[in-house]
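**Q** Let me give you the structure first, and then I'll get to my questions.
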Amino acid sequence: MAQIIDGKKISAQIREEIAAEVAQMKAEGTVPGLAVIIVGENPASKVYVRNKGKGCAEVGMYSEIIEMAEETTQAELLAKIDELNARRDIHGILVQLPLPKQIDERAVIAAISPSKDVDAFCVENIGEMMLGTADFLPCTPAGIMQLLARSGIEVAGKECVVIGRSNIVGKPISQLLLAENGTVTICHSKTKNLAEVTRRADILVVAIGRADFVTGDMVKDGAVVIDVGMNRRADGKLTGDVDYASVEPKASFITPVPGGVGPMTITMLLKNTLTAAKKQK
Ligand code: NAP
């Protein structure tokens, strides 16, 4: 039977640590501040943005949610980012994705000052991550590394297999595992004999976006299984990319969905905002 990696508990611990540092900074006259821009009416995005605001409040940070209309032009959004780049009370800027069709996502990410890019999506921060010199790491992968570290799971020398190569999860988590001296294999939709590759994994990270895709026969006995997936079932329930019922009996550690990787993402955003505030002080 696997040990469950409790993302809610680990996230709460990290938030307590962040809150203590925020209190210290406040005593010294700086309140870390995060601006979150949302363009349009995407209901899922609205929930994410609200939760980011709540997260800031929980650790004592200032947050500002800027709602812009669906028909906002790229120039208007870039002007807003310029304004936030110049503000001294805002240390982190995040633009909630996806953006409406008329706006070029890459241009928007590139407009955020790298020192305020707390999502770590811009080219400079991705480059720093590759070099191992980053101040900010992308939030979901950074959260996974915290789950591993705080569960006492050593990465060095382990066979790490990542399924998925997105810019926000698969690629960066592969890089972070490599930086911790894992031996990393990245799989994707063109990978042949996927189950053969995944069965080699001591640490298996799954970020595909397909409900219950990884089954027990794809997992080695004793593997650590990290499920990044967040899929909605027809009945509205959240489920991961891993078939928990067949994988859990084989794994040594496993993250549940919900309550595994999910709670870590906003927590790492708060950590990045704190880091940004410290650097800009
Ligand atoms: P994405 O951009 O859609 O990428 C999916 C990746 O999975 C792609 O690289 C794709 O390969 C690969 N893939 C798809 N079908 C496959 C198959 N049959 N076999 C092997 N690989 C396959 O997704 P994402 O943004 O990384 O998100 C992945 C999941 O994580 C989603 O469920 C998402 O909701 C969730 N997520 C959770 C959090 C969190 O906070 N917990 C954060 C971000 C994402 P190709 O590149 O070849 O197409």
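**Q** Can you tell me the relative contact order of the stretch 157-250? Whole percent, Cα pairs under 8 Å, sequence separation 6 or more.
**A** Values: 199 pairs, mean separation 24.8, N = 94.
Rounded, it is 26 percent for the stretch 157-250.
**Q** Work out, in µm²/s and without decimals, the Stokes-Einstein translational diffusion coefficient of the chain at 20 °C, 1.002 mPa s, Rh from Kirkwood over C-alpha pairs.
**A** Numbers: Rh = 19.5 Å.
Taking Rh from Cα pairs, D becomes 110 µm²/s.
**Q** Indicate the gyration tensor shape class of the stretch 26-136 (rounded, prolate or oblate), computed on the Cα atoms with a ≥ b ≥ c the square roots of the eigenvalues: a/c under 1.5 is rounded; otherwise a/b larger than b/c is prolate and the rest oblate.
**A** Here the stretch 26-136 falls in the oblate category.
**Q** On to the next question. So how far, in whole Å, is the C-alpha centre of the stretch 1-19 from the one of the stretch 52-75?
**A** First find each Cα centre; the distance between them is then 25 Å.
**Q** Taking every pair of Cα atoms in the stretch 236-281, average 1/r, invert it to obtain the Kirkwood radius, and report Rg/Rh to two decimals.
**A** In the stretch 236-281, Rg relative to Rh is 1.23.
**Q** I'd like the orientation of helix 262-280 relative to the chain: the angle between its Cα long axis and the longest Cα principal axis, in ° from 0 to 90, rounded to 10.
**A** Helix 262-280 and the main axis of the chain meet at about 40 degrees.
**Q** With viscosity set to 1.002 mPa s at 20 °C, what whole-number translational diffusion coefficient in µm²/s follows for the stretch 37-97 from Stokes-Einstein and a Kirkwood radius over Cα pairs?
**A** Approximately 174 µm²/s, per Stokes-Einstein.
**Q** Still on this structure: Among Ile112, Ala207, Val225, which residue has its Cα furthest toward the positive end of the charge dipole of the chain, with +1 on Lys/Arg Cβ and -1 on Asp/Glu Cβ?
**A** Val225
**Q** Now for a separate question. Work the Kirkwood hydrodynamic radius out for the stretch 169-281: mean of 1/r over every pair of different alpha-carbon atoms, inverted, in Å.
**A** Evaluated on the stretch 169-281, it is 15.2 Å.
**Q** At a threshold of 8 angstrom on Cα-Cα distance, excluding pairs fewer than six apart, so keeping six or more, what relative contact order does the chain reach in percent?
**A** For the chain, the relative contact order is 23 percent.
**Q** Would you grab the residues whose amide H sits under 5 Å from the one on Val95? Only those 5+ places off in sequence or on another chain, please, with H modelled 1.01 Å from N.
**A** Residues meeting the criterion, in which the H sits 1.01 Å from N, are Ile37.
**Q** Gln13 versus Asp104, label points 7 Å from Cα toward the beta carbon: distance in nm?
**A** For the pair Gln13/Asp104, the computed spacing is 4.5 nm.
**Q** So which lysines can Lys54 reach, going by Cα to Cα under 20 Å and dropping same-chain residues fewer than 8 places off?
**A** Lys8, Lys9, Lys26, Lys46, Lys116, Lys271
**Q** Sum -39500 (n - 2.57) across every DSSP H segment of at least 4 residues in the chain, then divide by the residue count to get the 222 nm mean residue ellipticity, nearest 500.
**A** Details: 10 runs with 117 residues, N = 281.
When only DSSP H runs of four or more count, the value is -13000 deg cm²/dmol.
Readers should treat all values here as calculations from the given coordinates under stated rules, not as data from a laboratory. These numbers were taken from a predicted model, which means no experiment stands behind them. Ideal geometry is used to build each Cβ from the backbone, glycine not excepted, and the neighbour counts take in all protein chains shown.
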